[in-house]
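Asker: Would you mind keeping the following structure in view while I ask a few things?
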Amino acid sequence: MAGIRCHLFGLLMLLQSFFAFWSNAQSSEMVEKFRFSITAGGRYINRDSMPDAGNLDFMNYLYGQNFGADYGLLSLNFRMAPTEKIEFSATAVLLSDLIPNQLNIDVRYKPAPNDNPVTWGMIGSFYIYPQYLENYNSFHLFRDTGFIADLDPNFRQISVYDIGIALGPTLNFSKGRFHGEINFSLGISGFVPFDERISQKKKDANLRREYHYETHYSPALFFRPEAEAGIRLMSFGKTSGGIIIKAGGMWSERSINYKRTTYTWTTEDAITNEIKIEKQWYHKFEIEGGFYLAF
Amino acid sequence: MRIFKKAILILAIFFILRIIPGCCDCDESTIPFNFNSIDIINLDNSGEWAVTTNSDTMKPGAVAFEVALFDSLGYFYAAGPSLNSIGFGQAKAMRCDCSMPFSANQSLKSIRITSLYALTPEIDAGSEVSGYFVGRPTNNSSTGALYTSLESICGQTIGKTYYDSGVESFGLFLTVPVENDCARFAVSIKLSDNTILTDTTRLIFIQNK
């Protein structure tokens, strides 16, 4: 126990030294140099549910709920401004599994920082976030009558990752206790390719076949507005804390195209088709609220 | 407190000693045997996966058999670890449970299947119907849900080491629905030393409904 206490004390001393150094390093007046925030909220994902027609459309099987948020979020955000013109931001987001498998990295550039309440700049973003794709075997369960349409009895659910980059203007304002930010970004994103197999057998017969889906990276343009507002509730020295609320959306017309290989009886008997799926609207909306601490 | 630490230390040493001799110096040499017997049993492949059956009735599209080749001296099975402990099991690392790998003196060269009854109006009695069959190994070497060609079944026996038993077994699945009321097949397997093992299936009654 004494060893653990010693390590904790050492860690605290290290953190204290770091913050002391950081505070001394802030020679010029700025709103904040380093900020940590923790926010919780929800993510809503909506996509046009198109009929599957002759081909499986994976977009129709992205996880969604009829009521309430599709995903609960817990976000940990770190911001650092090494100079007045540049600000880096990294956000790790935890979903219900409490695994930080979403990452957002933003770089803000303010070409002409000043003491005015409103400043503008540019924001560049990289992000990757997961979402569930589930029950897509139901396409075959409904279509392939006469077959045991999926020999895998397990519930079909995988995580697919949406990866993208964006660029756009950012507007910052700060007045008294209030501060905020509005971003408008245009970008390009797509789902990280994945493979899936559906094995089937004809009822009362020997015939077996297998569908092998290999998706392609199908990039699509998107528009992403974001807004954040905060109120400073306390401050002591160069440290301040308060509450923030932020919201953001994403609009995109996208599809998941794939190569489908159909094996009948054996792997030697294969038919390959390149499937191009019609694009459909995809909307994402997030709203979060929480606390921040700025040094 | 010191007693507790000592007890933990003694237990730790005990368990480390149980783990250290984890690698046994097993004899890797294989035990040779001959394929000189053949056995054919019926498969019920009407469900998701094929299972052996004593029934002689099959669906028209689900005619299937399992063929086993082995040494007439008997089936060889390596002795499995005995379950002689209750509760916290023994560390197997304390003794050597070496497997008994087998190696056949022959590999399969070809599989020839002849239909003793007409299958369809186009496929007469006495026709060679090997091309209408696909196979599937029945042991752990079978992967995926699909079948494989009879040539692949033969090819995978070249240089094969049999860890579980000295038996080569595989399923044979007919790819065309039988339109006759009954079916029976003769299966001839040519081995790499040019010996031929032949057996006939039981008379199969086709259940049309």
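Asker: Can you find a residue that is closer than 20 Å to A:Ala220 by Cβ and open to solvent by 40 Å² or more (accessible area, probe 1.4 Å) anywhere in segment A:54-62?
Answerer: yes
Asker: Moving on. Given A:Ser159, A:Ser125, which one is part of a strand (DSSP E or B), away from chain B (no Cβ under 14 Å), closer than 30 Å to A:Ile256 by Cβ and touching an Asp or Glu at 6+ places or on another chain (Cβ under 6 Å)?
Answerer: On the way: A:Ser159 fails: touching an Asp or Glu at 6+ places or on another chain (Cβ under 6 Å).
Residue meeting the stated conditions: A:Ser125.
Asker: On to the next question. Condition first: open to solvent by 10 Å² or more (accessible area, probe 1.4 Å) and outside any strand (DSSP E or B). Can you find one or more residues in segment A:182-189 that meet it?
Answerer: No, segment A:182-189 contains no residue that is open to solvent by 10 Å² or more (accessible area, probe 1.4 Å) and outside any strand (DSSP E or B).
Asker: Being surrounded by fewer than 15 Cβ atoms within 10 Å (Cβ to Cβ) and closer than 29 Å to A:Pro82 by Cα is the filter here, so list the residues in segment A:265-290 that pass it.
Answerer: Across segment A:265-290, the qualifying residue is only A:Gly289.
Asker: Now, a different point. Looking at (1) on the phi > 0 side of the Ramachandran plot; (2) touching a residue at least 60 places away in the same chain (Cβ under 8 Å); (3) not charged (D, E, K, R), which one does A:Ser125 not meet, given that it meets all the others?
Answerer: (1)
Asker: Within segment A:217-240, identify whether any single residue is among the β-branched types (Val, Ile, Thr), away from chain B (no Cβ under 14 Å) and either surrounded by 15 or more Cβ atoms within 10 Å (Cβ to Cβ) or over 27 Å from A:Arg35 (Cβ atoms) (or both), and answer yes or no.
Answerer: Within segment A:217-240, none of the residues are among the β-branched types (Val, Ile, Thr), away from chain B (no Cβ under 14 Å) and either surrounded by 15 or more Cβ atoms within 10 Å (Cβ to Cβ) or over 27 Å from A:Arg35 (Cβ atoms) (or both).
Asker: If you take just the strands (runs of 3 or more DSSP E) that sit entirely in segment B:166-209, which of them hold at least 3 residues that are in contact (Cβ under 8 Å) with a residue 24 or more places away in the chain and within 19 Å of the chain's Cα centre (by Cα)?
Answerer: Fully inside segment B:166-209 and qualifying: B:167-174, B:185-191, B:196-200.
Asker: Give me the residue from segment A:252-264 that is in a strand (DSSP E or B) and either under 30 Å from A:Thr91 (Cα atoms) or within 14 Å of another protein chain (Cβ to nearest Cβ) (or both) and, out of that set, most open to solvent (accessible area, probe 1.4 Å).
Answerer: A:Glu253
The values are calculated or read from the model by the stated rules, or taken from the named source; none is laboratory data. This one's a predicted model, so the numbers in the text were calculated from it and none came from an experiment. When we count neighbours, we look across all protein chains shown, and the Cβ atoms used for this are built from the backbone with ideal geometry, even at glycine. Heavy atoms of the whole protein, side chains included, go into the accessibility calculation; ligands, DNA and RNA do not. Shrake-Rupley method; radii C 1.70, N 1.55, O 1.52, S 1.80 Å.
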